[in-house]
1. Among the numbered criteria (1) in contact with a helix residue (DSSP H, G or I) (Cβ under 9 Å, 6 or more places away or on another chain); (2) more than 16 Å from Lys407 (Cα to Cα); (3) surrounded by fewer than 22 Cβ atoms within 10 Å (Cβ to Cβ); (4) not charged (D, E, K, R), which one does Leu352 miss?
2. Would you please name the residue that is nearest to Glu249 (Cα to Cα), looking only at residues in the range 337-384 that are among the basic types (Lys, Arg) and touching a residue at least 24 places away in the same chain (Cβ under 8 Å)?
3. Quick check on this structure: which one of Ala234, Ala218, Ala264 is of a type outside the set (Phe, Trp, Tyr) and over 20 Å from Arg319 (Cβ atoms)?
4. Considering only the range 269-279, I want to know if a residue exists there that is over 30 Å from Glu365 (Cβ atoms), of a type in the set (S, T, N, Q), modelled with pLDDT of 95 or more and open to solvent by less than 10 Å² (accessible area, probe 1.4 Å).
5. Out of all the residues in the range 566-585, which are surrounded by 14 or more Cβ atoms within 10 Å (Cβ to Cβ), out of contact with any Gly (no Cβ under 9 Å at 6 or more places or on another chain) and not in a helix (DSSP H, G or I)?
6. Can you tell me which residue within the range 463-491, out of those that are polar (S, T, N, Q) and surrounded by fewer than 24 Cβ atoms within 10 Å (Cβ to Cβ), is farthest from Ser443 (Cα to Cα)?
7. Among the residues of the range 758-794, which ones are of a type in the set (D, E, K, R) and either crowded, with 24+ Cβ neighbours inside 10 Å or assigned to a helix (DSSP H, G or I) (or both)?
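The values are calculated or read from the model by the stated rules, or taken from the named source; none is laboratory data. Because the structure is a prediction, the values reported are computed rather than measured. Heads up, the Cβs are rebuilt from the backbone with ideal geometry, glycines too, and the neighbour counts pull from every protein chain shown. With ligands, DNA and RNA removed, areas are computed over all heavy atoms of the protein, side chains included. Shrake-Rupley method; radii C 1.70, N 1.55, O 1.52, S 1.80 Å.
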Amino acid sequence: MLVVRRLRFALFGSFFGGLSLASGVARADAPLPAHAPAGTGQQALSVFVSGGDIVASSCGAPPCSAAPVSLGVPPALRGKPARAQVVSLGSGRRATVVTVVAGWETFQAVVVAPLGAGAPKVLFSGLVGLREGQEGTRSGPMVQVSEPAADGTRRVLVGEQHEAASLCGRPTILAPQLLNPADLSLRPAKVQRLSVAERDAARTVTAVRIPDDEPSHAARSVLGALAASSALGAPQALTDGDPETVWSENVGGDGKGEFVTMHAPSDLPISGLELTIRPKAKELAEGAAPERLFIAGPRDVVAVTLPEDAWKSPGARYRVNLSPPLQGSCLALVLDTAFTQSKSAQVSVAELSVLSELSASQLPELVASLAGGGQRAEASKSLLVAGGAPAFAAVAQAFDGLDEGGKRVALTVLDQAPCEVSAPVYVAALTGKIEAQARHAQSRLGRCGAAGGNALAQALAKADKTDKRVLPLLVSQLTLTDPARAVTAFLPLMDEKTVLRRRLLRTALAQAARTAPADKTVRAALADPATPPVALLDLLRALGEEASRYQPEAGQALQRISQTSAEFRTRYLLLGPTAALSARDQAAESAFRKSLAGDPSPHVRAAALALVREPKRFQGELLKALEDRDVRVREAAVQALGGPDAVFAGKALSLRLEQDEWPLVRAAAADALAKHPASPVLDEPLTSALEDDSSLVRARSVRALGERRVTSAAGRIRDRLEDAEEWPEVRAEAARSLGVLCDGESADILAAFAKKLTDPMASPHAQLIGNASVQALGRLAQPSLAQQLAPLTDKKAPPQARRAAALALQARVTCKR
């Protein structure tokens, strides 16, 4: 995309009314010599050939010959036919434009006699035309002389031309500098690129404001911006289909003559245009609206007048009717006047899209031409997009019958269609077997909201529920696209016998139900007596900890299910919702307390205990559960009491540690006590448990003493480490705890166990204790740590030993910090 900017000048001259540019070399020229008479304050000028070169001389009256100045004609063009045009600039002053043409080479010079005595001023001299760059992007200098005004004066301009920035075939000067008759210098200027004749002959149309509530019938992204005479940002913003992006000219003032050229489908009759001038949301501090602009094709020009200052109406759209339609491969928007004359204004247009009328008889052929997805399909795409609703419907209807290439192009056509039309096709692409098209559909369905949700829900209802590829696709996409619709679509599919499907749906239901858009739908389903119990149960489970947000409906649903079924499955599955609601619903709290202490099934009692988050609220039930006849219930109760807010249970946990017949309960009690506040009363049973018959209990007790920082137990723990008859897991736990206790007296013992890692044939038990000892040494972080670990860091040590030592040397948590 080419954007031609004003590169050389910071200031812009004022606009000279009526200025337009004639294409090609000026016609009113003659062979050399050429003479310009003296004017107001300006000497006479003669241009002639001297010694093979073309020179200019100034004097009081022509012919002039003294002190000639060379015009710099290249040696290769000297001696070639040359012509000159004497141009009246106004104010009684003149300039001479010299042209030498030889084959493909053209030389031009602009020369003037000085104001007062002196040598001629050569304002421009050089080869002109498209001289630099590759085919299609060539550029070069340009000299143009305007058509004569009523008084016979003309304007001389020097600038640049770019092959990609012609005004639909009209040679166009860019970054123009105007020869100012006041001081005979070149100054930046704004010029109207359309000729006076074209502007006078232009059809005139007044744009009509479109009611805000009227849907757009324009085809966006049919036109493609190619280049701009100047731009803030990219000119493609004018045709990108997004009314929040803007093309703004970059010359200031009314932007007169600034333009954007666009590619248009050559077979498309453009019967109208839709203009958005100011974005609805985006702010442009210096933005301004055009008052009049031109729409130009290769041959036709239409003058469009805006009915109001559109900058005062953000987001307003305007329709431009074109009768007869414009048709051609190029279209240009050219600014003329604006509703402001501020020098800092940036005249802007947010979006330009087309209106077209394709006959119904053309549609089948255009849709059929999408097959294969080649150049013919791409050409038809723009026509179908411009065809609007009938074309979109035809493409959607034919989608399933197209081949892979045709479907690819059809999807890009339907990207411009309303979601009510495109969403069912996106769903078909999503569930198809072409991955690229499925990804395309996924990216678009999320933008379709309710329309996308309806299409996905309909497809889900018809889908084969055993299809392990399609079903998850539809479920996940519906969840993301329209959470509210997902809730109503998933609930009827909940079937007690299809465990895997229910799990998939429940996971998606949980994701959908926790979103704000689904709030009303979830509440309605919870309150509806017709919601099947299986679905209602899964909905409550899906809400999880968020169930309390949906009060009172969630509590009412919980009661309905509890009253209709008392079987084990229902009681067990309702535990999560009951626990979540117990803090805000009295009936739920009562039911949860009953589950903790009075349910006939130990599985329910244990599962309920695992859900306790506030031990103080359920103190009685928890202490009672510590005495439960079922070992798993007692273990769950102990685990529920493992925290500083369960200090009331310290004595009861100590009794479990000392007296419970099951090692797993005693071990759980040691873990729970580790999290209780410091207390010698609790340290004593843990120290005594170092002699427990179970190695599991001994290991957990060692760990708990370390976590509780019971330094008085360091000697007993050291004994566990050194006892060769002790279980390796207990000894390893003892080594780690000695590090946590910062027991410096154990350093040599730990170093001795760590050194065993240097033996490549060390037993797994020795490696377990050795690694724990290295970890403890790192925690102690004594000044001699490097020396203690030296055997392990030796390059001959096994790799695992070197890794353990490196971690210890880099330990972040130590007894020093």
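1. (3)
2. Of the range 337-384, the ones among the basic types (Lys, Arg) are 343, 376, 381.
Cutting the leftovers down to touching a residue at least 24 places away in the same chain (Cβ under 8 Å) gives us 343, 381.
Working: Lys343: 12, Lys381: 30 Å.
Checking each candidate, the answer is Lys343.
3. On the way: Ala218 fails: over 20 Å from Arg319 (Cβ atoms); Ala264 fails: over 20 Å from Arg319 (Cβ atoms).
When all the criteria are applied, what remains is Ala234.
4. Start the filter on the range 269-279 by keeping residues that are over 30 Å from Glu365 (Cβ atoms), which leaves 275-279.
In the following step, the residues that additionally are of a type in the set (S, T, N, Q) were identified as 276.
The next check asks that each one be modelled with pLDDT of 95 or more; those that pass are 276.
Checking which are open to solvent by less than 10 Å² (accessible area, probe 1.4 Å) leaves us with 276.
There is at least one residue in the range 269-279 that is over 30 Å from Glu365 (Cβ atoms), of a type in the set (S, T, N, Q), modelled with pLDDT of 95 or more and open to solvent by less than 10 Å² (accessible area, probe 1.4 Å).
5. Step one: of the range 566-585, the residues surrounded by 14 or more Cβ atoms within 10 Å (Cβ to Cβ) are 570-582, 584-585.
Checking the rest, the ones that are also out of contact with any Gly (no Cβ under 9 Å at 6 or more places or on another chain) come to 570-575, 578-579, 582.
Answer for the range 566-585, where residues must be surrounded by 14 or more Cβ atoms within 10 Å (Cβ to Cβ), out of contact with any Gly (no Cβ under 9 Å at 6 or more places or on another chain) and not in a helix (DSSP H, G or I): Leu574, Ser582.
6. From the range 463-491, those polar (S, T, N, Q) are 466, 476-477, 479, 481, 488; that's our starting set.
Still in the running and surrounded by fewer than 24 Cβ atoms within 10 Å (Cβ to Cβ): 466, 476, 488.
Numbers: Thr466: 26, Ser476: 13, Thr488: 23 Å.
In this case the residue turns out to be Thr466.
7. Going through the range 758-794, the residues of a type in the set (D, E, K, R) turn out to be 759, 779, 794.
Once the filter is applied, which keeps residues that are of a type in the set (D, E, K, R) and either crowded, with 24+ Cβ neighbours inside 10 Å or assigned to a helix (DSSP H, G or I) (or both), the range 758-794 yields only Arg779.
Yes/no matrix, rows are residues, columns are (1) of a type in the set (Val, Ile, Thr); (2) open to solvent by less than 30 Å² (accessible area, probe 1.4 Å); (3) touching a Gly at 6+ places or on another chain (Cβ under 9 Å); (4) at pLDDT below 95:
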{"position": "Leu696", "(1), (2), (3), (4)": "no, no, no, no"}
{"position": "Ala699", "(1), (2), (3), (4)": "no, yes, no, no"}
{"position": "Leu705", "(1), (2), (3), (4)": "no, yes, no, no"}
{"position": "Ile717", "(1), (2), (3), (4)": "yes, yes, yes, no"}
{"position": "Leu721", "(1), (2), (3), (4)": "no, yes, no, no"}
{"position": "Glu729", "(1), (2), (3), (4)": "no, no, no, no"}
{"position": "Glu733", "(1), (2), (3), (4)": "no, yes, yes, no"}
{"position": "Gly744", "(1), (2), (3), (4)": "no, no, no, yes"}
